[in-house]
1. For HIS131, HIS46, which order do you get if you count the other beta carbons within 10 Å of each Cβ and list the fewest first?
2. Quote the Stokes-Einstein diffusion coefficient, in whole µm² s⁻¹, for the chain, based on the Kirkwood radius over alpha carbon pairs, a temperature of 20 °C and a viscosity of 1.002 mPa s.
3. With contacts defined as alpha carbon pairs under 8 Å and 6 or more residues apart, what's the relative contact order of the range 23-166 in percent?
4. At 7 Å along the Cα-to-beta-carbon direction for both LYS32 and ASN132, put a label point, then send me their distance in nm to one decimal.
5. Give me the aspartates and glutamates in straight-line cross-link reach of LYS163: C-alpha distance below 17 Å, same-chain residues under 8 apart excluded.
6. Starting from the Cα-Cα distance between HIS3 and THR120, subtract it from 0.36 nm times their residue separation and give me the gain in nm to one decimal.
7. In nm, to one decimal, how far is the PHE98 label point from the GLU64 one, both placed 7 Å along Cα→Cβ?
Amino acid sequence: MDHRPILFIDVDGPLNPYDGSNRGAYKRGYRKWKLNGFNVLLNATHGPALAALPYELVWGTTWEADANVYIAPRIGLPHLPVCAFPDGDDDAPRAVYFKTSDIIAYANGRPFAWIDDEVTDTDREWVAQRHNAPALLHWVDPAIGLEAPDFEALAAWAGALDKTTA
């Protein structure tokens, strides 16, 4: 069993900045792709940067298994496990993002971080009430995508976990 925390990775927003003018995405190393019928901006440095983090990487995206086909090879990630989003939680309040309950279920009591552009304080509260391990729900600006401070925050959070479990 992998004892590292899980990092759930969303595609649209964190890896594929889509909102607004993309704030200079091409100058920041992004390349435009036509993937599965969609225009997608991807930065090849994100794969190695994610792989270098002390996490078990898992897709947490509505691309689901297609992320392994279309996204992973273009950013240098291996085939990753996928958290599926079949139905959401009927008991969750409307304000809770539809992915949240499935993320909790997949984590199954393990510490996790989740990068997504849709997480809110409501999701953080929902996770805190239903997940008995540390969790970081890290919002990423969908107009910018992942940047160095995001990677630094993820590394710091995982590093703090190591200190509390040592």
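1. The order, fewest Cβ neighbours first, is HIS131, HIS46.
2. Reported coefficient: 133 µm²/s.
3. Across the range 23-166, relative contact order equals 19 percent.
4. Result for the modelled spin labels: 5.1 nm.
5. Of all the aspartates and glutamates, those that pass the test against LYS163 - Cα under 17 Å, at least 8 places apart if same chain - are GLU152.
6. Roughly 39.4 nm would be gained on extension.
7. So the label points at PHE98 and GLU64 sit 1.1 nm apart.
None of the figures in this text is laboratory data; all of them are computed from the coordinates on show. Computed from a prediction, not measured in an experiment: that's the story for all the values here. Ideal geometry is used to build each Cβ from the backbone, glycine not excepted, and the neighbour counts take in all protein chains shown.
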